[in-house]
1. Scan the range 143-183 for residues that are more than 27 Å from the chain's Cα centre (by Cα), loosely packed, with under 13 Cβ neighbours inside 10 Å and closer than 28 Å to residue 86 by Cα and report the count.
2. Pick from 325, 384, 310, 300: which is away from ligand 1 (no atom under 16 Å from the Cβ), in contact (Cβ under 8 Å) with a residue 60 or more places away in the chain and under 30 Å from residue 96 (Cα atoms)?
3. Residue 201 - would you say it is away from ligand 2 (no atom under 16 Å from the Cβ) and surrounded by fewer than 22 Cβ atoms within 10 Å (Cβ to Cβ)?
4. Of the residues in the range 257-277, how many are within 16 Å of ligand 1 (Cβ to nearest atom) and either under 26 Å from residue 312 (Cβ atoms) or out of contact with any helix residue (DSSP H, G or I) (no Cβ under 9 Å at 6 or more places or on another chain) (or both)?
5. Could you list all residues from the range 161-198 that are within 16 Å of ligand 2 (Cβ to nearest atom) and either in contact with a helix residue (DSSP H, G or I) (Cβ under 8 Å, 6 or more places away or on another chain) or outside any strand (DSSP E or B) (or both)?
6. Only one of these is modelled with pLDDT of 95 or more, more than 20 Å from the chain's Cα centre (by Cα) and outside any helix (DSSP H, G or I): 363, 402, 371. Name it.
7. Of the residues in the range 99-140, how many are under 22 Å from residue 172 (Cβ atoms) and more than 16 Å from ligand 1 (Cβ to nearest atom)?
8. Residues in the range 122-136: is at least one modelled with pLDDT of 95 or more, under 19 Å from the mean Cα position of the chain (by Cα) and in a loop (DSSP other than H, G, I, E, B)?
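The values are calculated or read from the model by the stated rules, or taken from the named source; none is laboratory data. Just so it is clear, the structure is predicted and the values come from calculations on it, not from any experiment. Heads up, the Cβs are rebuilt from the backbone with ideal geometry, glycines too, and the neighbour counts pull from every protein chain shown.
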Ligand code: AMP
Ligand code: GLY
């Protein structure tokens, strides 16, 4: 079904995706189902993505290699999955070559690559978030700690692979953390820090697809950051996700729209750095309404896996219009093409390698993935797999598989995802047993 109102969309599209995680596998899986798309290419991709279309081995932050590949393939649309190439300026380099790119400019992507930048913009545009101080001087940071009360939230300014946020109770621990961060724990990424007021509430993730002006809101999702059941143990990239998250009801969604997303998009456009791509708004639903915990410049992972599985329609026209502009006038038809109002409840259970997040064990053999994938309603996304020289699937990362399922209800989707997990034979892996517990309680 091609909407003739969006006249420039032609069939037989070629799409290139940068990245190699579960998020990118879910995106290629969804995009390949579009009747508009002829071929999907990935770089570097993974064994799951390789089954959908050709993969090219390159480092997505190597802008020369990325541009060369794009010039060779000449895709009609390029989607940048992870934060590192966005922070490196991949989107600007590819746009300068004339490509349509889904992903923010390097400048706009600072919403994720610099926590201080994001906080300053929120303050400027009046967006609700935790009170904060931004420091590049150790003495000033230590003096500031004296003026506030715990719990203390200390954040490295730059990208630190999800490890750059520490929350401690006592002032002593806070001082130690600040000193560690500012004297090189994460190198340049923590030379500058943000110290924030502690917020209490339930967290949720809102994903907004935008061309810098218009906005499509996907159903709210919830991630499970801690490694263990009951939200215990160290933080991870995310052990599972589900959508829609009932904590974000229509009232909260409206507040997110009017108090957070609209001021951010219009403020950034007015300041000459329009935000194009997907804006990930991490919120805390506090007693006084939603407040921003963080922004990311990309889809969340594993949230993206659950979102792609739950969307019944075609996401490609919306991705393309976000990258070219014109979303406001085509908003209604794009939402309809995506099937947004018929979103199916969905859940993703991550299976990670023993030892994750500290020291995941690589090379253990994984069986049963194809069997799990054949279960009606289940799709297994690859995040950290490899194929060894005996043609066996092996673990090659921390988070290895995202077993994703949809259902008529959230409970049905979660049960189905666990049925998929049960079909996988991998003694070297582990997963959380309580994905979706907040929604089910
Ligand atoms: P971030 O990378 O900024 O999302 O922080 C990682 C996690 O730390 C968040 O998902 C929250 O669970 C927690 N966190 C961050 N900032 C705050 C805050 N100001 N108050 C309470 N918890 C926070
Ligand atoms: N799942 C959290 C993230 O993608 O940052």
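1. Result for the range 143-183: 1.
2. Working: 384 fails: under 30 Å from residue 96 (Cα atoms); 310 fails: under 30 Å from residue 96 (Cα atoms); 300 fails: away from ligand 1 (no atom under 16 Å from the Cβ).
Criteria check complete, one pass: 325.
3. On the way: away from ligand 2 (no atom under 16 Å from the Cβ): yes; surrounded by fewer than 22 Cβ atoms within 10 Å (Cβ to Cβ): yes.
Criteria met by residue 201.
4. Residues flagged as within 16 Å of ligand 1 (Cβ to nearest atom) and either under 26 Å from residue 312 (Cβ atoms) or out of contact with any helix residue (DSSP H, G or I) (no Cβ under 9 Å at 6 or more places or on another chain) (or both) within the range 257-277 amount to 0.
5. Matches in the range 161-198: 161, 162, 163, 164, 189.
6. Details: 402 fails: more than 20 Å from the chain's Cα centre (by Cα); 371 fails: outside any helix (DSSP H, G or I).
Only one candidate passes the filter, namely 363.
7. 4
8. Step one: filter the range 122-136 for residues modelled with pLDDT of 95 or more, giving 122-136.
Adding the requirement that they be under 19 Å from the mean Cα position of the chain (by Cα) leaves none.
No, because not a single residue in the range 122-136 is modelled with pLDDT of 95 or more, under 19 Å from the mean Cα position of the chain (by Cα) and in a loop (DSSP other than H, G, I, E, B).
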